[in-house]
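Please read the structure below before turning to the comments.
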Amino acid sequence: MDIVVSGIRSTGNLHLGNYFGMIRNAVKMQSENKCFFFIADYHALTTHPNPDTLHVNIKQVLAEYLACGIDPDVSTLFIQSDVPQVSELYLLLNMNAYIGELERTASFKEKVRRHPDNVNAGLLTYPVLMAADIIIHKANKVPVGKDQEQHLEMTRKFARRFNQLYKTEYFPEPDAYNFGSDLIKIPGLDGSGKMGKSEGNGIFLIDDPSVIKKKVMSAVTDTGPTALNQEPSEPVKNLFSIMEVLSEPSTIEYFREKHAACEIRYGDMKKQLAEDIIRFTTPIRERINEILSDSLSLRKIVGEGAEKARESASRTISEVRKIIGYRPF
Ligand code: TYM
């Protein structure tokens, strides 16, 4: 049995990338492993949400996790800020994390490029907090999408460094996980890059069918293939990538053949893709709305989750304190 930890930042609604990059695996893993899934609401502070938005987003992500099939009776589902022990481990790990390596992290460089007016220390040490989230439960598997691969490498590095420094084998080195396959990257609808919460290129699980149709129909494509068996351009490949995760194999095959024969009509392909997405998201959307209306159950779920997560985290913290040399007189 593995120990599994993963999280989602509460900075907006969940999209298809979150589902196929992380949640789908998390749901599959929960019955046979000891799983901790959480809402990363400390990480969300890097973008300075106002108090009301912060709260609403946490509740939304919680309902979305549940609607996708995370079972709080089987997994530990909790809110990061309910487990302050993680911030102690974050502080301790920060002493062995070097500015140079943090500055070289791709996600940090990207944030600096996009938001030069908000390069805060929380962003710089984001991977340290993420490592603390994972190793505080001594996890060995972390279901994540491709975009988190480098953060997982850093988590392994911080765990290894702690072990070496204190001549111990206390922390396992966790792996990014996707059932033996490569990690997934779901592209956006704007022709390049990954689907993201704030990129304006995503389909959210909560989107109404009419919104989904509109978004998909206006996805970027090209002017059509000009030679037989031509490799699709990047924007078209991206549409196929989304089809790969939620359409029938025969549908994908059909449009691939049409493309290879230069007979494809992107309008038809998009119509089909929109239908397939709507078929996939409709039951999830309905459950999200039901779950959101039951505040009492939500409160109970996160209360119990927090207790279980704190128990596991406190154990680690007291052992780590001893290893570091904080001892009773
Ligand atoms: P976040 O909130 O950006 O994304 C949550 C999960 O969704 C995956 N994901 C994607 N997968 C495939 N294609 C995409 N387009 C796509 N977009 C997002 C992410 O890989 C992730 O698995 N730093 C994390 C949150 C976090 C965390 C952790 C994760 C904090 N502590 C500890 C794991 C373990 C983040 O911002 O994910």
- Pair list, Cβ under 8 Å, 6 or more apart: region 1-23 residue within 25 Å of residue 173 (Cα to Cα), other residue near the ligand (Cβ under 8 Å from one of its atoms) and of a type in the set (Ser, Thr, Tyr): 22/6
- Item | Pick from region 1-34, criterion of a type in the set (Lys, Arg) and away from the ligand (no atom under 13 Å from the Cβ), ranking: nearest to the chain's Cα centre (by Cα) | 28
- Task: State yes or no: is residue 185 out of contact with any Cys (no Cβ under 6 Å at 6 or more places or on another chain) and assigned to a loop (DSSP other than H, G, I, E, B)?
- Result: yes
- Query: For residues in region 98-131 being more than 24 Å from residue 145 (Cα to Cα) and not β-branched (Val, Ile, Thr), which is surrounded by the fewest Cβ atoms within 10 Å (Cβ to Cβ)?
  - Reply: 117
- With 267, 305 as the choices, which residue is touching a Leu at 6+ places or on another chain (Cβ under 8 Å), among the small types (Gly, Ala, Ser) and not in a loop (DSSP other than H, G, I, E, B)? 305
- Query: For residue 240, which of the numbered conditions (1) assigned to a helix (DSSP H, G or I); (2) touching a residue at least 24 places away in the same chain (Cβ under 8 Å); (3) within 28 Å of residue 151 (Cα to Cα); (4) away from the ligand (no atom under 12 Å from the Cβ) fails to hold?
  - Reply: (2)
- Item | Residue, surrounded by the fewest Cβ atoms within 10 Å (Cβ to Cβ), within region 265-277, restricted to residues that are touching an Asp or Glu at 6+ places or on another chain (Cβ under 9 Å) and in contact (Cβ under 8 Å) with a residue 40 or more places away in the chain | 266
- Flag if residue 250 is outside the structural domain of residue 148 (by TED's automatic domain parsing), without any contact (Cβ under 8 Å) to a residue 12 or more places away in the chain and among the polar types (S, T, N, Q): yes
- Among the numbered conditions (1) assigned to a helix (DSSP H, G or I); (2) surrounded by 24 or more Cβ atoms within 10 Å (Cβ to Cβ); (3) more than 8 Å from the ligand (Cβ to nearest atom); (4) not acidic (Asp, Glu), tell me where residue 37 comes up short. (1)
- Task: Filter region 155-179 for residues that are assigned to a loop (DSSP other than H, G, I, E, B), farther than 14 Å from residue 4 by Cα and of a type outside the set (Phe, Trp, Tyr) and give the result.
- Result: 167, 168, 169
- If we keep just the residues of region 163-181 that are of a type in the set (S, T, N, Q) and loosely packed, with under 12 Cβ neighbours inside 10 Å, which is nearest to the chain's Cα centre (by Cα)? 181
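The values are calculated or read from the model by the stated rules, or taken from the named source; none is laboratory data. Just so we're clear, the structure is a prediction, and the values are computed from it rather than from any experiment. Every residue, glycine as well, gets a Cβ built from its backbone with ideal geometry; the counts of neighbours run over all protein chains shown.
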